[in-house]
Protein chains: 2
Amino acid sequence: MPKRPYNFYAGPAVLPHEVLEQAQAEITDFKGIGLSLMEISHRSPEYEEIHNETQHLFKELLQLPEGYHVLFLPGGASLQFSMIPMNLLVPGKVANYILTGVWADKAIEEARKVGDVYVSYSGKTNNFTEMPSLKDIQVHAQTDAYLHITSNETVNGTQFHNFPAIRNVPVIADMSSDILSRPLDASKFAFIYAGAQKNLGPAGVTIVILREELIQHHTAPLPAMLDYRTYIKHNSLYNTPPVYSIYMVNLVLKWIKRSGGLSVLEKRNEEKARLIYDTLDQSGGFYRGFAQPASRSLMNITFKVWNDELEKLFFQEANTQGFVGLEGHRSLGHIRASVYNAMPYEACQALADFMKDFQRRYR
Amino acid sequence: MPKRPYNFYAGPAVLPHEVLEQAQAEITDFKGIGLSLMEISHRSPEYEEIHNETQHLFKELLQLPEGYHVLFLPGGASLQFSMIPMNLLVPGKVANYILTGVWADKAIEEARKVGDVYVSYSGKTNNFTEMPSLKDIQVHAQTDAYLHITSNETVNGTQFHNFPAIRNVPVIADMSSDILSRPLDASKFAFIYAGAQKNLGPAGVTIVILREELIQHHTAPLPAMLDYRTYIKHNSLYNTPPVYSIYMVNLVLKWIKRSGGLSVLEKRNEEKARLIYDTLDQSGGFYRGFAQPASRSLMNITFKVWNDELEKLFFQEANTQGFVGLEGHRSLGHIRASVYNAMPYEACQALADFMKDFQRRYR
């Protein structure tokens, strides 16, 4: 048994242990002020520094070009599923969605409540085991309000490994489960969003990165809290933001920077995922991956044991050996190992070792 | 100088120190599981227990009658300003708002974007120094979708000290700045809401307490995250809730229970506020309270020094003597001492002593 469990939860998910230790050290007395950051004004200089620094760290890590805003929103990616069409699906246009799994499907469902939507690609025919190739992604510059993609499907374990360069239609990406896991050409996107609770920090804040010009067309009056212009105008301080969640994101971003940035994390994420994918591929069918190899996610590794009874036993034994969070999403079932940025290599090694040992004993 | 500053911030605001210490002890290892509560699934048994227990604690402390739901929402009271009319301002009806200050005004502004609103009472004529008397509160059972009041105006420092018993129109109350500060006859309200960051915990979660029957009339399709039925149906677990904020609220509610409950807190709050109000009243006009005595808030005490230059000096000296957060809201200015549940008696005593000393030296 490890000292701490191997944490494979899909989200909220593993945080860097040194980040939690720093939070612990500072929770009752933030930087020597004698108060917790949780109990001081969001307009205090102490909090404002965290707020602005966090935005700056996103800009730096993602090397955002000029003209992008970093906003902090409530409500998770799920609220973005509605806010995006409310703000950007202007009358006379149609929203173009790429359907790649459970999360894209939810985004589409909410967009349909707001306006006209079409699904220009559906992975239903391949049971959502594949991401589309770039040539499958079609836009219509005259009529598309935007193109919406989901960069990583957490439930299915599929991921885009490259992104189309579309200049005549704004591209919007839900990156909730793979943001900051690899370098990104942000200029390909007009709008990126991510709930924090996978790669960024605890649940409670959603990051929206958008290009200023994107929201200039919209004129309809929207509720203040559902209008991106409110967040831009007030620097995400129109009302009290989720201060502590943003602070935790701040600590995680600094940890990423200390770790060497996105290129280093990408390499590490590839190595971690390879440990497990190689184990699947070399198991002679004992373990079976869900995603097609070319679409495999480096964040969420979905697979099953060839025999359902053995799979139950797999969960039982994994549990007693200190692995937690391996149960797949209730809509897909089977096994899912989520190996986000903060997941240590050693935990992936331990899982691969356990898988091999389990196979040896039960094949 | 005190060991820790006297924290008079209006929100986010002082938390019980023992709650922060417990959070500190548990932040890297929640109840011996070896993981932080921040990094485990919102569907794990460990979190579900916190979630359900927090709802139960609200029901217990407020002695909620049968038929009320306790929901956890994102976006602060500001998002409720829009969600309430989106869900409850049915076509053909009008929303009745009581205008008592900055926060009621914001609620009205957002409701007007959604539907028909009328302001049946406005405190503008008394410069928002008074709350209406119960006879000033009029409803029209045939046409009012609901009556909306703000139980405590944080900026102005005014508070309702009793509530009307209206049975033929649903009464909705924004209790963001005084929830759980005193016993309440919850049956007078169809809907109570409160951002956490004053009396309940850190910013990041909003409590909504509503009577089930209130939302049965509504049939229009709403975005999932903006529809109260989503939160009821999924027990506020439709998407990932702000787990850690809810955990902190849980600890604060247990602290309230340990402290003796709402009657004990009410008595303590009265004593704390009296220390400061008595100092104003006995200053012979050196300090001048903003609110009319009958409407004075036990949570936010607003006042000024008779002379603006002296007031600047007051802030300077208060600051060097360890008082923080005394600056009034930017829309009103002057001095505001926020003395929520978690504010220790000793801090109020220290402020009263400082005020007397300051007056002695500068009168």
Run the quick spin-label model on A:LEU134 and B:ARG258: label points 7 Å from Cα toward the beta carbon, then report their separation in nm to one decimal.
5.9 nm
Once all protein chains are kept in place, B:VAL90 shows an accessible area at probe 1.4 Å, nearest 10 Å², of 40 Å²
accessible surface per residue for the stretch A:275-363, probe 1.4 Å, DNA/RNA/ligands not counted, whole Å² -> 44 Å²
A 1.4 Å probe over the protein heavy atoms gives chain A a carbon and sulfur accessible-area percentage of 48 percent
With contacts defined as alpha carbon pairs under 8 Å and 6 or more residues apart, what's the relative contact order of the stretch A:207-314 in percent?
13 percent
Can you figure out the FRET efficiency of B:ASP308 with B:GLU66, using R₀ = 51 Å and their beta-carbon distance, to the nearest 0.05?
0.40
So for chain A: antiparallel DSSP bridges make up what percent, rounded to the nearest 5?
55 percent
Choose one of B:SER120, B:ILE149, B:VAL249: the residue whose Cα lies farthest towards the positive end of the charge dipole of the stretch B:18-258 (beta-carbon charges +1 Lys, Arg; -1 Asp, Glu; about the Cα centre).
B:SER120
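Quickly estimate the mean residue ellipticity at 222 nm for chain A, helices only: each DSSP H run with n ≥ 4 gives -39500 (n - 2.57), and the total goes over all residues, rounded to 500.
Value at 222 nm, helices only: -11500 deg cm²/dmol.
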Can you give me the three principal axis dimensions of the stretch B:112-231 from its C-alpha atoms, in Å, biggest first?
41, 39, 29
Calculate the length of the line joining the C-alpha centroid of the stretch B:121-149 to that of the stretch A:47-85, in whole Å.
40 Å
How many nanometers, to one decimal and shortest first, lie between the label point of A:TYR362 and those of its other copies, if labels sit 7 Å from Cα toward Cβ?
7.5
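Structure shown: which of A:LYS31/B:LYS254; A:LYS106/A:LYS304; B:LYS267/B:LYS304; B:LYS93/B:LYS198; A:LYS198/A:LYS267 lie over 22 Å apart, alpha-carbon to alpha-carbon?
Flagged as over cut-off: A:LYS31/B:LYS254; A:LYS106/A:LYS304; B:LYS267/B:LYS304; B:LYS93/B:LYS198.
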Can you list the copy-to-copy distances for A:LYS312, using a point 7 angstrom from Cα toward Cβ, in nanometres, shortest first?
7.8
How would A:HIS56, A:HIS161 line up by accessible area, probe 1.4 Å, largest first?
A:HIS56, A:HIS161
Compute, for A:LYS188, the solvent-accessible surface of its heavy atoms (probe 1.4 Å) with the complete set of protein chains present, and express it in square angstrom to the nearest 10.
50 Å²
Between A:ASN319 and B:GLU109, take the C-beta separation as r, use R0 = 51 Å, and let me know the FRET efficiency to the nearest 0.05.
0.45
Accessible area (Å², 1.4 Å probe, nearest 10) - B:HIS42
20 Å²
P(r) over all Cα-Cα pairs of the stretch B:261-362, 10 Å bins from 0 to the longest distance, whole percent per bin, short to long, reads 15, 53, 29, 4, 0
Which percent of the Cα-Cα distances in the protein assembly as shown go past 42 Å?
30 percent
The stretch A:182-298, Kirkwood Rh and Cα Rg, ratio Rg/Rh at 1.09
Whole-Å semi-axes of the ellipsoid equivalent to chain B (Cα gyration tensor, √5λ, descending):
34, 28, 16
So which trypsin sites (Lys or Arg not before Pro) in the stretch A:275-345 pass both tests, a DSSP loop state and at most 13 other Cβ atoms within 10 Å of the Cβ?
A:ARG330
Hey, for B:SER331 with labels 7 Å out along Cα-Cβ, what do the inter-copy distances come to in nm, ordered shortest first?
4.1
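The values are calculated or read from the model by the stated rules, or taken from the named source; none is laboratory data. Since the model is a prediction, treat every value here as computed from it, not as a measurement. Please note: Cβ atoms are built from the backbone with ideal geometry, for glycine as well, and neighbour counts cover all protein chains shown. Quick note on the areas: whole protein, heavy atoms, side chains included, nothing else; ligands and nucleic acids left out. Shrake-Rupley method; radii C 1.70, N 1.55, O 1.52, S 1.80 Å.
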